[in-house]
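A short worksheet on the structure shown next.
The values are calculated or read from the model by the stated rules, or taken from the named source; none is laboratory data. Keep in mind the model is a prediction, meaning the values are calculated, not measured. Here Cβ is always computed from backbone atoms with ideal geometry, including for glycine, and neighbour counts include all displayed protein chains.
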Amino acid sequence: MSHSLALSGFLATALACAALAALHAARGAPPGAARLFVAALSAQAVWAATAAAARDGAVLAAIPAAAESLRTALWLAFLLVLLREAARGGGPDPSADRRDGARAPGGTVRARRSAALGVVAGAAMLALLIDLLAPLSSSALLLRTGGAVFGLFCIEQVWRAGRPGQGAGATRLAAAGLLMFGADLVLCSDALMYGRLDPQLVDARGWANALAVPLLASAAARQRDWRMALGVSRRLLFQSAALLTAGLFLMLMAAGGYWLRYAGPAPLDSAVTVLLFATAIALLALLGSRSARARLRVTVAKHFFGYRYDYREEWLRLTALLSAGPDEGETQPLGLRALRALGGLADARCGALWLQDEAGGYACTDNWRYAGATPGLPAGHPLVSELARTQWIIEVGRQRAGASMPAALPAAIADSPSAWLLVPLLLHEQLIGFALLGEPVAPTPLDWELRDALKTAAHQVASHLGERRAVEALVQARQFESFNRRSAFVAHDLKNLVSQLSLLLANAPRHRGNPAFQADMLDTVGHVHDRIQGLLRQLDDGSRPLEQACAVPLAEAVDAAVRQRGGRGPQPTVSVDDAARRALVIAHRDRLERVIGHLVKNASEAIEGQGSVSVRLSADGELARLEVADTGRGMSERFIRERLFRPFQTTKPDGMGIGSFESREYIRELGGSLEVDSQEGRGTVFRVRLPLATLGVQG
């Protein structure tokens, strides 16, 4: 490239940048990124002019080198401020918000805003010093290479994060940055490799910067105040920051190795090898350290985002952790998962959970790596009352430091060096427990944002804990309900057995000398004894029934039920056709006899004065039909529909109201049906249909 052509590139860059800076300044650039844009353009013009003068030997080489470092620093500062202001999105100043009496100090916010610029300014001062002393040294080239890499990283963030409607401005700014920082990276990489600056690459860089000016002008026209709505991914930015930190660390170690090999007292291959291994180990330890990653995460959140948390990601993480079960590979109980969820928001090292017990006190139910004492608290403890009344998050460390706190902490918690925060768990404005979080991995202030995040998460945690408690209470209630139902069935069976014994005792004075009566009495007492033993075992085991289902001759079950019936009323007449006498059903014999006996007994008790009870058994095809009819008082349709088969609904003074319900449920369990046909004053017919097991033929 000719000398005049090279000068033209630098001069064109200088004039164009100066004109654009003057135009932008004349429009009244607002504070922030826009003013840095003007300053960066001005530095670009100064650098291009001094570089052109250095080509003719009019100025020392150190002057354009220093101007280049200043220009790079200002462009980096502009990009950092642009990303920071875009991430804040024009939202409220956190320093002006108050939560729970906590206020983020204004100095803290201003420090956050200037910290990133301070890093860039420090690097720029170092680069300026090196450029003035040794403008073409390896150290200067390494710093310029690092600045170019960091500039490309910032440009990539701007380009990737541009939202619809503002993509053109971000794209043109990214293209201009790619030209400027890309040319710097190519030139410095070549110089590091060959130990000299390639004149052709130097001249080409002038024209690359000149071509970037129209793109900058177009981007500036679209973004006058440079308030671009960018959506910067926290995860991407954190990972990029981690990689950038690792890269800078490796560059420093490479510079150290370079000095040991070439600038040291003598070539030390062993020392270089040790340094490389030490670098690798230190880098792995740095990246694997939870504390280091937490500090880096806090630093990135402070200087690149208006808020500490990405609330969408935090909410999804919280919900997934609390809702996870064995199917998702989560085996820890809900209490430990709740502590992990709250501790994750505050980067806490440990925690403990207190929940309200049945007596109203609070006991520690879960411990997540917390080594301190966990005393139980009675319902009227001052700490419990204060948490329930104020719903504040209490910072235990402040009380240890002597700050005035509204709650009286137990000594075991107040004196624990691991205790940091007490987070109340409220459900429907009732304190169901509280969580104690340990000290954070990295220094974390309890500001308004952390308080709000913990309060919101605590409400979600309390909701899940309350739901678990309700489910446990429901399961317990169902267990009691099952036990009470079994008890009711057993009591009903005992009532029927007592009726048999009462009938036996009523007939004993007249027939005690009759051998047939004596034999029948012994059979009845033995049957009652066996039934009571079975009922007791059934009540203890909680299962119903104990016997196994088998093929039961239906006619025999009917005869036994009629024979063993108790109570008053006429003797039933039994009619069994030939086919039904051979019919078998799969059932539990005792339960089937009890169901039939209940129908017969109810029919007999429905007779007032003269009347009759008939039992007819028939079989047809695959069904057996049993009809129990009486000529008693009958029932209304409304009573049958609303009360007959409802448990604990009865019209008998001494009845329990579960016999009809049990009969219908067991018949349905066998695959059959129970129908009722009744008219008041004319009587009732119960029709039972049961599927047959076999229909054998007697030989």
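Could you please give the count of residues in the range 21-57 that are at pLDDT below 60 and under 20 Å from ARG205 (Cα atoms)?
0
So the check is Cβ under 6 Å with 6+ separation or different chains; which pairs have a first residue in the range 174-201 that's in the same structural domain as LEU82 (by TED's automatic domain parsing) and a second one that's outside any helix (DSSP H, G or I)?
Pairs found: ASP190/ASP198; ALA191/LEU197; GLN200/MET1.
Taking the range 601-611, which residues are in contact with a strand residue (DSSP E or B) (Cβ under 6 Å, 6 or more places away or on another chain), assigned to a helix (DSSP H, G or I) and surrounded by fewer than 24 Cβ atoms within 10 Å (Cβ to Cβ)?
SER604
Please enumerate the residues belonging to the range 143-158 that are surrounded by fewer than 21 Cβ atoms within 10 Å (Cβ to Cβ) and in contact with a Cys (Cβ under 8 Å, 6 or more places away or on another chain).
Answer for the range 143-158, where residues must be surrounded by fewer than 21 Cβ atoms within 10 Å (Cβ to Cβ) and in contact with a Cys (Cβ under 8 Å, 6 or more places away or on another chain): just THR145.
Looking only at the range 655-688, filter to residues that are among the hydroxyl-bearing types (Ser, Thr, Tyr) and in contact with an Asp or Glu (Cβ under 9 Å, 6 or more places away or on another chain); which one of those is nearest to GLU605 (Cα to Cα)?
THR684
Show me the strands (runs of 3 or more DSSP E) entirely contained within the range 616-699 in which 1 or more residues are basic (Lys, Arg), outside the structural domain of VAL595 (by TED's automatic domain parsing) and at pLDDT below 90.
By residue number, no strands (runs of 3 or more DSSP E) qualify.
For the list (1) in contact (Cβ under 8 Å) with a residue 12 or more places away in the chain; (2) over 27 Å from ARG591 (Cα atoms); (3) not small (Gly, Ala, Ser); (4) not in a loop (DSSP other than H, G, I, E, B), I need the number of the one condition that LEU504 fails.
Condition (2) is where LEU504 drops out.
Evaluate the following for ALA352: is it part of a strand (DSSP E or B) and in contact with a Phe, Trp or Tyr (Cβ under 9 Å, 6 or more places away or on another chain)?
yes
Which one is farthest from the chain's Cα centre (by Cα), of the residues in the range 36-52 that are closer than 11 Å to TRP75 by Cβ and surrounded by fewer than 22 Cβ atoms within 10 Å (Cβ to Cβ)?
Out of the qualifying residues, it is ALA43.
If you check SER487 against the conditions, is it touching a Gly at 6+ places or on another chain (Cβ under 9 Å) and on the phi < 0 side of the Ramachandran plot?
No: the conditions fail for SER487.
Considering only the range 307-347, state which residues are assigned to a loop (DSSP other than H, G, I, E, B), modelled with pLDDT of 85 or more and within 19 Å of GLU467 (Cα to Cα).
Hits for the range 307-347 are GLN332, PRO333.
Answer yes or no: is there a residue in the range 436-456 that is among the small types (Gly, Ala, Ser), outside any strand (DSSP E or B) and free of Cβ contacts under 8 Å to residues at least 60 places away in the same chain.
Within the range 436-456, none of the residues are among the small types (Gly, Ala, Ser), outside any strand (DSSP E or B) and free of Cβ contacts under 8 Å to residues at least 60 places away in the same chain.
Go through the range 583-600 and count every residue that is basic (Lys, Arg) and touching a strand residue (DSSP E or B) at 6+ places or on another chain (Cβ under 6 Å).
We begin by selecting, within the range 583-600, every residue basic (Lys, Arg); these are 589, 591, 594.
Next, only the ones that are touching a strand residue (DSSP E or B) at 6+ places or on another chain (Cβ under 6 Å) stay: 589.
Residues flagged as basic (Lys, Arg) and touching a strand residue (DSSP E or B) at 6+ places or on another chain (Cβ under 6 Å) within the range 583-600 amount to 1.
Evaluate the range 1-18: report whether one residue or more is touching a Pro at 6+ places or on another chain (Cβ under 6 Å), modelled with pLDDT under 75, of a type in the set (A, V, I, L, M) and under 23 Å from ALA204 (Cβ atoms).
Checked against the condition, which is being touching a Pro at 6+ places or on another chain (Cβ under 6 Å), modelled with pLDDT under 75, of a type in the set (A, V, I, L, M) and under 23 Å from ALA204 (Cβ atoms), the range 1-18 yields no hits at all.
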